Structure formats: structure tokens, C-alpha cells
Amino acid sequence: MTASHPHRLHTVTREQIEQLADLLIDCVEGGASVSFMLPLSRERAIAFWDQVARGVAANHRALLIAEDAHGICGTVQLILDQPDNQPHRADLAKMLVHRRARRQGLGAALMRAAEQVARECGKTLLVLDAVTDGDAARLYERLGWVRVGVIPRYALMPRGEPCATTYYYRDLAADGAVGDEHAR
Ligand SMILES: CC(C)(COP(=O)(O)OP(=O)(O)OC[C@H]1O[C@@H](n2cnc3c(N)ncnc32)[C@H](O)[C@@H]1OP(=O)(O)O)[C@@H](O)C(=O)NCCC(=O)NCCS
């Protein structure tokens, strides 16, 4: 893996916002269903990361990144701000690896790092959703995330076709958590 080890950002600079926008646009243009439709303007992508940066500053979100020689090539977030009766839970969101950096173990490294940050934040239950049977779903299942169920027609792919979504959870308090073969 040529990318740096994923690390958490506690503040997000303008340059990092620009690079995160590049990453988001690359993923959406590559067909990823991550909340946005095509065409995704740079202005909209920047606005999204500006909002994330505010959440990071407020400690409502944990933002992790990994970098290579070209800049930020991978990211993932934990949404830490949850209802009063779910203080032990976080949502994992916006897992993005640039197409130039895929299939080298960075996705798995980001997930492991996010789980570690979650533990450090006192979070023991993580929840996420992913396009059913997609690349990300395969990654999460390999890492031991538990498949809850499938919701048909949940979202649209960037070009407009409907897709099913699968919900997963990861109980960090449980023993015998499954690892990733590439990490060992
Ligand atoms: C899903 C995503 C994050 C995976 O990132 P990634 O960095 O490619 O993930 P990994 O490298 O850890 O694993 C991907 C594959 O490469 C393989 N791989 C990992 N390291 C490898 C290595 N050193 N040599 C060969 N293969 C390797 C894995 O086994 C896995 O194979 P599989 O897809 O056949 O199961 C990435 O495809 C992505 O950003 N997609 C677009 C955005 C998206 O959909 N995000 C998810 C939102 S829920």
C-alpha cells in the first residue's frame, strides 16, 4: 500500500477540503452511490466538505484520511453525535478511496483505523449502510460486520437507477471479532 497510514484530523484546512472534494468527485464519477448524483459540481462537493469540517470542529464527527504523493486518497467518517439514549453508538459514513489507490488494502486500513478511533471515543457499536452486494459491502463483510438486512429501492445510483441498500453493524464490545486477511 503506497498511501500513508490513515489518521484522524481534528481541524480541516482549505487545502484538505479541496482534496476531499477531488476524492468525492472521483468516487461519484466512478459510479459510487454516496449520497450524490451526477453531475457533481465542485461547488457542491466543497459545500459538503465545509459542512463536514464544521462537524469535525464541533467534535460531532471524526474524520480520518490517508494520503499519497498526489494528496488525500482515502477517507472515512464516524458520526459521533447521537441521541442521548445512544451514547455508545456511532454511524460510519463516507468511506471513499480514490480510484488510483484501490485494491491495495486502503479501504480495510481505513475501516480498522475508524474502529480504533471509535473505541477511543467510547463508541462500542457501529452502524453503516452500503449498496447491496457492491465492493464496499464485500469489504465490510470480510471485516466481520454483521449484515442486518436489505432495503430495496433505498437510493439512486449517480446516474439515476435505483439500488438496494444493506445495513450492517459492528459490535466492538463482542469477543472474537473477525479480522482482515490482508492485515495479518
Ligand atoms: C469500497 C472501497 C472503499 C474499497 O476500497 P479499497 O481500498 O479498494 O479496499 P481494499 O483494497 O481494502 O479491498 C478491495 C479489494 O482489494 C483486495 N485487496 C486488498 N489488498 C490487496 C492486495 N495487497 N493485493 C491484492 N488484492 C488486494 C481485497 O481483497 C478486496 O477484494 P474484493 O473486492 O475482491 O473483495 C472503494 O472501492 C471505494 O471507495 N468505492 C467507492 C466509494 C464507495 O462505494 N464507498 C462505500 C460507501 S458505503
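The values are calculated or read from the model by the stated rules, or taken from the named source; none is laboratory data. Fair warning: this is a prediction, and the values are worked out from it, not measured in the lab. Cβ placement follows ideal geometry from the backbone for every residue including glycine, while neighbour counts extend to all protein chains displayed.
Filter region 26-37 down to the residues that are part of a loop (DSSP other than H, G, I, E, B) and either buried (at least 18 other Cβ atoms within 10 Å of the Cβ) or within 14 Å of the ligand (Cβ to nearest atom) (or both) and list them by number.
Correct list: GLY30, GLY31, ALA32, SER33, VAL34, SER35, PHE36.
How many residues does region 1-15 contain that are closer than 20 Å to ARG54 by Cβ and in a loop (DSSP other than H, G, I, E, B)?
Here the count works out to 4.
Assess whether GLY144 counts as being within 13 Å of the ligand (Cβ to nearest atom), surrounded by 14 or more Cβ atoms within 10 Å (Cβ to Cβ) and farther than 19 Å from VAL56 by Cβ.
So GLY144 does not fit the description; no.
Please state which of the following conditions CYS73 fails to meet, knowing it meets all the rest: (1) in contact with a helix residue (DSSP H, G or I) (Cβ under 8 Å, 6 or more places away or on another chain); (2) over 25 Å from PRO162 (Cβ atoms); (3) surrounded by fewer than 20 Cβ atoms within 10 Å (Cβ to Cβ).
(3)
For every residue, the table says whether it meets (1) charged (D, E, K, R); (2) more than 11 Å from the ligand (Cβ to nearest atom); (3) over 25 Å from GLN19 (Cα atoms).
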site	(1), (2), (3)
ILE79	no, yes, no
GLU115	yes, yes, no
CYS121	no, yes, yes
ASP129	yes, no, no
VAL148	no, yes, yes
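From ALA174, ALA118, which residue is without any contact (Cβ under 8 Å) to a residue 60 or more places away in the chain, surrounded by fewer than 20 Cβ atoms within 10 Å (Cβ to Cβ) and not in a strand (DSSP E or B)?
ALA174
Pick from GLY160, GLY144: which is closer than 25 Å to GLN104 by Cα, of a type outside the set (A, V, I, L, M), in a loop (DSSP other than H, G, I, E, B) and at pLDDT 95 or above?
GLY144
Mind checking which pairs have a first residue in region 95-110 that is under 13 Å from ASP135 (Cα atoms) and more than 6 Å from the ligand (Cβ to nearest atom) and a second that is of a type outside the set (Val, Ile, Thr) and in a loop (DSSP other than H, G, I, E, B), Cβ under 7 Å, 6 or more apart or different chains?
ARG99/GLY30
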